[in-house]
Amino acid sequence: MRFLGTPPLTRYEHLGPPPFIFAIVCDATKARGFQLQFAAKRFDYRVKAALMPAAFWPLADKKKTQRSPTERISMRISNLLAAASLAALSLFAGSAMADGEKLVIGTDSTYPPFEFVDASGEIKGFDIDIAKALCAEMKAECSFVSNDWDGIIPALQAKKFDMIVSSMSITPERSKLVDFTNKYYNTPPAIAVPKDSTITDVAGLKGKTIGAQTSTTHANYAEKHLADTELKLYPTADEYKLDVSNGRIDAVIDDVVVLSQWVKSDAGACCKILTTLPVDKEINGIGAGIAVRQGDPLKDKLNTAIAAIRANGKYKEIQDKYFDFNVYGD
């Protein structure tokens with residue numbers, strides 16, 4: 001359809017349209033930039049050419065086209081209704097586009113089985129499958145970005161991505177920096193040691209070197225509850241696993257699921273689970289949640305989606321792909 005230049009100004013000497021019509025058009029003008037001008041007993045209006053087809057422009061030259069007062073009022077109402085309809089359609093289209101919202105998800109892809117990079121270079125894992133299910137539930141288009149763990153919250157705050165799905169425990173300290181959804185799983189910490197270790201219980205760790213990933217609840221737990229050990233911190237879980245398998249440290253602390261999966265693999269054949277540890281809610285929190293920027297309404301959408309996949313069976317389908325127990329917890 002071709003659009004012409006700015007339509008001529010038409011001036012009506014009669015009273016304006018019925019009040020309800022004027023209200024509709026006023027609402028439309030706020031949304032789509034219509035310009036209204038009226039004063040006293042006369043009603044002027046101008047519609048931006050980019051939004052109004054020429055078919056709706058009234059003729060300016062009254063000498064060429066004389067109409068009765070009734071005809072002029074009828075045309076005026078038709079034009080106003082057309083303008084309101086165009087605005088309403090534009091608003092409806094904008095709302096419909098929200099279903100295709102594009103979201104970027106940040107994750108530390110060095111934490112199997114929750115997130116890891118496979119041989120083809122694709123990020124996979126329990127967290128990734130949960131995130132994809134939530135995106136499908138929200139009708140959003142999602143992509144993933146891998147980020148180092150110790151810089152993942154600052155990256156979220158800098159808007160490098162829209163949320164963090166990376167087994168992040170919900171803790172009071174982190175809640176000062178980000179908003180969390182409800183939990184999507186909850187598992188306790190554990191200790192793993194070499195199979196030939198002489199350590200038989202937690203008390204046997206006294207004076208030993210224990211490895212943990214930096215900036216994690218497990219590192220904080222060891223500092224508080226295993227204070228008589230020497231704590232060695234690593235940028236990634238892969239690095240502490242390598243050191244314990246080579247005998248450079250005596251034990252490691254992490255999530256029971258992470259360690260259990262590892263000791264069952266060829267890479268973790270060196271080691272065994274020593275014990276699980278009591279949960280300290282102040283440190284370990286109430287489970288793993290999805291982090292978003294403070295005040296972001298995305299949090300409520302995610303909570304609704306979490307409840308939905310729990311109810312429709314999708315959560316259990318994903319859980320059973322990775323674990324043989326209830327990873328959600330109580």
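The values are calculated or read from the model by the stated rules, or taken from the named source; none is laboratory data. Remember, predicted model here, so these are calculated numbers, not experimental data. Neighbour counts are summed over all protein chains in view; Cβ atoms, including those assigned to glycine, are modelled from backbone coordinates with ideal geometry.
Some observations on this one:
- Residue match in region 150-171 (condition: in a strand (DSSP E or B) and over 20 Å from LEU298 (Cβ atoms)): no
- Scanning region 122-144 for residues being surrounded by 15 or more Cβ atoms within 10 Å (Cβ to Cβ) and not in a helix (DSSP H, G or I) gives a total of 6.
- Test: residue in region 203-222 that is under 16 Å from PHE116 (Cβ atoms) and either of a type in the set (Phe, Trp, Tyr) or free of Cβ contacts under 8 Å to residues at least 40 places away in the same chain (or both): no
- Within region 211-263, the set of residues being of a type in the set (Phe, Trp, Tyr) and assigned to a strand (DSSP E or B) comprises just one member, TYR234.
- Residues of region 213-242 satisfying the condition of being more than 13 Å from TYR111 (Cβ to Cβ) and of a type in the set (A, V, I, L, M): ALA219, ALA222, LEU226, ALA227, LEU231, LEU233, LEU242
- Candidate set: region 178-196, residues that are in contact with a Leu (Cβ under 8 Å, 6 or more places away or on another chain) and surrounded by fewer than 23 Cβ atoms within 10 Å (Cβ to Cβ); chosen: the one nearest to HIS225 (Cα to Cα): ALA190
- Residue in region 303-314 that is within 25 Å of the chain's Cα centre (by Cα), hydrophobic (A, V, I, L, M, F, W, C), closer than 23 Å to SER197 by Cβ and surrounded by 14 or more Cβ atoms within 10 Å (Cβ to Cβ) present: no
- Once region 240-255 is narrowed to residues that are surrounded by 15 or more Cβ atoms within 10 Å (Cβ to Cβ) and of a type outside the set (A, V, I, L, M), the residue that is nearest to SER197 (Cα to Cα) is ASP250.
- Matching residues in region 148-182 - criterion: being within 12 Å of the chain's Cα centre (by Cα), more than 21 Å from TYR221 (Cβ to Cβ) and not charged (D, E, K, R): LEU156, PHE161, MET163, VAL165, THR181
- Flag for ALA267 being in contact with a helix residue (DSSP H, G or I) (Cβ under 9 Å, 6 or more places away or on another chain), assigned by TED's automatic domain parsing to the domain that holds LYS206, more than 27 Å from ASP162 (Cβ to Cβ) and free of Cβ contacts under 8 Å to residues at least 60 places away in the same chain: yes
- Restricting attention to region 279-305, the residues that are under 19 Å from ILE128 (Cα atoms), in a helix (DSSP H, G or I) and touching a strand residue (DSSP E or B) at 6+ places or on another chain (Cβ under 8 Å) total 3.
- Just so you know, in region 102-116 the residues that are in contact with a strand residue (DSSP E or B) (Cβ under 7 Å, 6 or more places away or on another chain) and not in a strand (DSSP E or B) include one that is surrounded by the fewest Cβ atoms within 10 Å (Cβ to Cβ), and it is SER109.
- Comparison of ARG293, ARG248 shows that the only residue that is of a type outside the set (Gly, Ala, Ser), modelled with pLDDT of 95 or more and either more than 31 Å from the chain's Cα centre (by Cα) or outside the structural domain of ILE318 (by TED's automatic domain parsing) (or both) is ARG248.
- Residue within region 308-330 that is closer than 24 Å to ILE153 by Cα and at pLDDT 95 or above present: no
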